[in-house]
Amino acid sequence: MLIQYLLASISSTCSVSCANMDDWDNSNEFIQRLDFSSCGEDSEDKSVNEEDSLSLSPPRSSEFQKWQESSPLPATPQRKLSEIFLSRTKAWMSPTLKSSPSVSKSWSKPETPLHITWKKLQLCDTPHTPKSLLSKTAFPSSATKVPPKGFRHLRLTPRADSDDSSQASLVNINPFTPESYRQMLFHPNGKRKAREELNDPHPGSQIKQELPTNRYTLKASNMVSRYKKEFLELEKIGVGEFGSVYKCIKRLDGCVYAIKRSKRPLAGSSDEQLALREVYAHAVLGHHPHVVRYYSAWAEDDHMIIQNEHCNGGSLQDVLLENAKLGQYFPEGELKEILLQVSMGLKYIHNSGLVHLDIKPSNIFICHKLAVSGPTGQEESDSEDEFSPGVVYKIGDLGHVTSITNPQVEEGDRRFLANEILQEQYCYLPKADIFALALTVALAAGAAPLPHNGALWHHIRKGNIPPIPQKLPHCFLELLKLMIHPDPVQRPSATALTKHPVLRPSYGKAVQLQEQLNEEKCKTAMLERELKAARLAQTLMKDQALGSAKLQESETSSKQKSKRLVGGKSCRSFSFTLGY
Ligand code: 809
């Protein structure tokens, strides 16, 4: 039963939707009660001083090696189970990629983190029997929360200290959900609120855009670092005012993640709102191939932690810096690819009622799809991936995201800021993302660093693309120019960009072909229906013919019978003659 339960949790961690993942990840207490540290992690964790990991130490290779080399491949049944696990999880580096280049070498060893991970899950090796562990393992507020599928067979013991009624009020209201809009815009009786009511909300009568007063602040929920316990820090990949970003492996699933640890803002401060906004936005957005995927967020000691998808190609800014050193720039084809893919991500964000407001090269992350070697040693790719690009650009850092209809604007980088935002005109917010995207592409095309202010800053806001040191087609330059038009209405929407002939020349043809195909499919379906009807009619006719033949036959025979019984004139004489 325990094994079944562990497999369920493994597969859910690797493949389920974000919401389910959160069910698992947010069961912090549940994870702690499973107590992986009692399965051999403790020594490693204890050796890492809390302060140590906060300092900017590079990954200790010996520690990593130790971690890699422990646990030889166990005999059955564990091995069988690990094989099942392997077959279930094709990608166990970054959850969205086949492998990560920086770690792929070590993965090829027979002692993979998978087995180590599995060893850590060998709860039966500990003095705890599965039974005793399960009785220790309680889901939070199990009285009200139905455990996820696969956990339902467990008998749950409610937490002694849980108080559902008080806990229920301590939940944040995500201002980006349709429900909070509904409450903001309508009275409980369903009537729409008047404009004055919207501008001057009566406290308590509606959800304010500021966070509710009685909310779950970013409080440390436990004393043990979940970060240390659940993740192995590999390297620091970024540092800024916001905090630091680390590349980590999650001990349980062996996948690589990007984890941002930032100083926890003061409860109730605007910084706290900003920090929560990022999490709210991720949670509402769900999954899109061109938006960095979010897995979990939590607070511990003085830190606020967010666990995201790791993009193995760094940021677009990293590549631009490298290009600048080498005197190179992205060629036309790649520039169009960046513009198209980021537009797709923006279309998704905008259609979800949100705007990013900090589009720039350092917030666009790159994922390189890596071909995996098949059993024959040849490179393989999934058939479904055949037409997808080898490089995927993703929008990340949702720290400035706000809602289109009820904006709380925190200005992004001034170099990419549209003039109307500076003027605090927020009627066309999505077009500010389009403006920033055009300048991002101009930089990728080789434009010189953008000004923070001054004459050139204003020149660009008049609709002039900064000089680009390569020959690009006129129509492409015109499109970039339109994207920074001083009038935001004139700028194309993200949706329009995703269909634009400059970026998708065959899009029109594809639409036309698709329409033709649909028409043909309709015709085929109709013909099939007619054919069916004809066949049915044929069968009915056959049946009818058969039926009437039988009827005739039976009528004849019954007539004969009755003639015999009643006796017709001729028959009577006949029967008398012949029969008797
Ligand atoms: O890959 C990343 N995903 C993120 O969300 C993220 C990532 C990176 C990288 C890519 C490394 O190949 C470099 N830096 C500096 C990143 C920052 C983030 C990030 C940004 C995170 Cl984890 C949270 C908020 C904002």
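Worth a mention:
- Some residue of segment 265-274 being within 13 Å of the ligand (Cβ to nearest atom) and either polar (S, T, N, Q) or surrounded by fewer than 23 Cβ atoms within 10 Å (Cβ to Cβ) (or both): yes
- Any hit, segment 355-364, residues being away from the ligand (no atom under 16 Å from the Cβ) and either outside any loop (DSSP other than H, G, I, E, B) or surrounded by 20 or more Cβ atoms within 10 Å (Cβ to Cβ) (or both): yes
- Residue check, Ile484 open to solvent by less than 50 Å² (accessible area, probe 1.4 Å) and either more than 34 Å from the chain's Cα centre (by Cα) or farther than 19 Å from Ile338 by Cβ (or both): no
- The set of residues in segment 392-444 that are in contact with a strand residue (DSSP E or B) (Cβ under 8 Å, 6 or more places away or on another chain), aliphatic (A, V, I, L, M) and under 17 Å from Pro492 (Cβ atoms) comprises Ile404, Leu429, Ala432.
- When residues of segment 331-347 are limited to those that are open to solvent by 10 Å² or more (accessible area, probe 1.4 Å) and among the aliphatic types (A, V, I, L, M), the one farthest from the ligand (Cβ to nearest atom): Leu340
- Being part of a loop (DSSP other than H, G, I, E, B), open to solvent by 20 Å² or more (accessible area, probe 1.4 Å) and at pLDDT below 75 is not true of Asn189.
- Residue selected from segment 235-252 under the condition within 11 Å of the ligand (Cβ to nearest atom) and open to solvent by less than 40 Å² (accessible area, probe 1.4 Å), by the criterion modelled with the lowest pLDDT: Gly240
- Selection count, segment 311-330, where residues are open to solvent by less than 70 Å² (accessible area, probe 1.4 Å), in a helix (DSSP H, G or I) and within 10 Å of the ligand (Cβ to nearest atom): 1
Rundown of residues vs (1) touching a Leu at 6+ places or on another chain (Cβ under 9 Å); (2) in a helix (DSSP H, G or I); (3) surrounded by 10 or more Cβ atoms within 10 Å (Cβ to Cβ); (4) not polar (S, T, N, Q), yes/no style:
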residue	(1), (2), (3), (4)
Lys471	no, no, no, yes
Gly508	no, yes, yes, yes
Gln512	no, yes, yes, no
Leu517	no, yes, yes, yes
Met541	no, yes, yes, yes
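- All positions within segment 473-484 that are within 17 Å of Glu332 (Cβ to Cβ) and assigned to a helix (DSSP H, G or I): His474, Cys475, Phe476, Leu477, Glu478, Leu479, Leu480, Lys481, Met483
- Residue that is nearest to Leu266 (Cα to Cα) [pool: residues in segment 284-310 that are of a type in the set (D, E, K, R), in a loop (DSSP other than H, G, I, E, B) and more than 9 Å from the ligand (Cβ to nearest atom)]: Asp302
- Failed item, numbered, when Met304 is tested on (1) more than 17 Å from Asp397 (Cβ to Cβ); (2) at pLDDT 90 or above; (3) not basic (Lys, Arg): (1)
- Cross-chain or 6+ apart pairs with Cβ under 7 Å, segment 316-330 first and without any contact (Cβ under 8 Å) to a residue 60 or more places away in the chain, then within 16 Å of the ligand (Cβ to nearest atom) and part of a helix (DSSP H, G or I): Gln317/Pro361; Gln317/Ser362
- Candidates Tyr280, Tyr257 - the one that is within 12 Å of the ligand (Cβ to nearest atom), of a type in the set (Ser, Thr, Tyr) and either on the phi < 0 side of the Ramachandran plot or surrounded by 22 or more Cβ atoms within 10 Å (Cβ to Cβ) (or both): Tyr257
The values are calculated or read from the model by the stated rules, or taken from the named source; none is laboratory data. Note that the structure is predicted; figures quoted are calculated from it, not measured. Please note: Cβ atoms are built from the backbone with ideal geometry, for glycine as well, and neighbour counts cover all protein chains shown. Surface accessibility is based on the protein's heavy atoms, side chains included, excluding ligands, DNA and RNA. Shrake-Rupley method; radii C 1.70, N 1.55, O 1.52, S 1.80 Å.
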